[in-house]
1. Enumerate the pairs (first residue in segment 90-114 and touching a residue at least 24 places away in the same chain (Cβ under 8 Å) and at positive phi; second residue anywhere and of a type in the set (A, V, I, L, M) and part of a loop (DSSP other than H, G, I, E, B)) with beta-carbon separation below 9 Å, excluding pairs fewer than 6 apart on the same chain, so at least 6 apart or on different chains.
2. Can you name the condition, by its number, that GLN82 falls short on among (1) at pLDDT 90 or above; (2) among the polar types (S, T, N, Q); (3) over 14 Å from ASP117 (Cα atoms)?
3. I need the full set of residues from segment 1-42 which are modelled with pLDDT under 90, closer than 15 Å to TYR118 by Cβ and among the hydrophobic types (A, V, I, L, M, F, W, C), in order please.
4. Take the conditions in contact with a helix residue (DSSP H, G or I) (Cβ under 8 Å, 6 or more places away or on another chain) and modelled with pLDDT of 90 or more and apply them to SER101. Does it pass?
5. Which of the residues spanning segment 89-108 are surrounded by fewer than 10 Cβ atoms within 10 Å (Cβ to Cβ) and either under 26 Å from ALA44 (Cβ atoms) or among the hydrophobic types (A, V, I, L, M, F, W, C) (or both)?
6. Being β-branched (Val, Ile, Thr) and within 12 Å of the chain's Cα centre (by Cα) is the filter; apply it to segment 43-63 and report the residue that is nearest to ARG113 (Cα to Cα).
7. Can you find a residue in segment 109-122 that is more than 21 Å from SER56 (Cα to Cα) and either exposed (fewer than 10 other Cβ atoms within 10 Å of the Cβ) or among the hydroxyl-bearing types (Ser, Thr, Tyr) (or both)?
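The values are calculated or read from the model by the stated rules, or taken from the named source; none is laboratory data. Because the structure is a prediction, the values reported are computed rather than measured. Because the Cβ atoms are built from the backbone with ideal geometry, glycine has one as well, and the counts that use them run over all protein chains shown.
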Amino acid sequence: MKVEITRESVAMGDDVWAPHKIMIKVPRDALIGHIAIWATDYLAFVTGNVMWTMKSLQPGDEESRGKGLMLLHFTYDPDSRQRTPSFASIGSYRTQLNKISDVLEPHSDGVRRIHFDYHSERGLMSAEELQEQLPPQRSAIKIV
């Protein structure tokens with residue numbers, strides 16, 4: 001089964017190699033988690049703590065769309081120059097155990113597609129930082 005993997009660029013220098021696209025062949029019983037583990041070597045090496053969103057691209061989806069499948073978070077240790085991945089499912093519980101063939105529809109060319117969105121550490125903020133950016137509320141949010 002063929003799966004096309006794409007990813008966002010992480011910097012202007014990375015843009016030189018765009019588009020970041022690779023075709024892989026996976027067994028029919030391969031799971032979403034297998035792609036997540038494989039992607040730890042494929043995704044751009046960035047110093048600092050970064051996150052990638054793995055998304056399914058169904059027929060008709062653009063790269064900016066797609067359904068989130070998993071989060072891949074990389075913690076970088078500057079002393080060892082190593083990054084350590086951690087993973088989380090998005091949406092349904094234990095997405096990583098779903099078969100690729102059950103989650104991704106083949107496109108007209110028979111290829112299934114996955115895209116990775118990049119999120120830098122600079123985009124993360126604490127609750128206090130978020131609150132500072134928000135205008136005052138006119139009324140409280142209530143459960144109805």
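1. GLY110/MET1
2. With (1) at pLDDT 90 or above; (2) among the polar types (S, T, N, Q); (3) over 14 Å from ASP117 (Cα atoms) applied to GLN82, the lone miss is (1).
3. Answer for segment 1-42, where residues must be modelled with pLDDT under 90, closer than 15 Å to TYR118 by Cβ and among the hydrophobic types (A, V, I, L, M, F, W, C): VAL10, ALA11, MET12, TRP17, ALA18.
4. Criteria not met by SER101.
5. Matches in segment 89-108: GLY91 only.
6. As a first pass, look at segment 43-63 and keep what is β-branched (Val, Ile, Thr): 46-47, 50, 53.
Next, only the ones that are within 12 Å of the chain's Cα centre (by Cα) stay: 50, 53.
Working: VAL50: 23, THR53: 14 Å.
Out of the qualifying residues, it is THR53.
7. Of segment 109-122, the ones more than 21 Å from SER56 (Cα to Cα) are 121-122.
Okay, now just the ones that are also either exposed (fewer than 10 other Cβ atoms within 10 Å of the Cβ) or among the hydroxyl-bearing types (Ser, Thr, Tyr) (or both), so 122.
Among the residues of segment 109-122, at least one is more than 21 Å from SER56 (Cα to Cα) and either exposed (fewer than 10 other Cβ atoms within 10 Å of the Cβ) or among the hydroxyl-bearing types (Ser, Thr, Tyr) (or both), which makes the answer yes.
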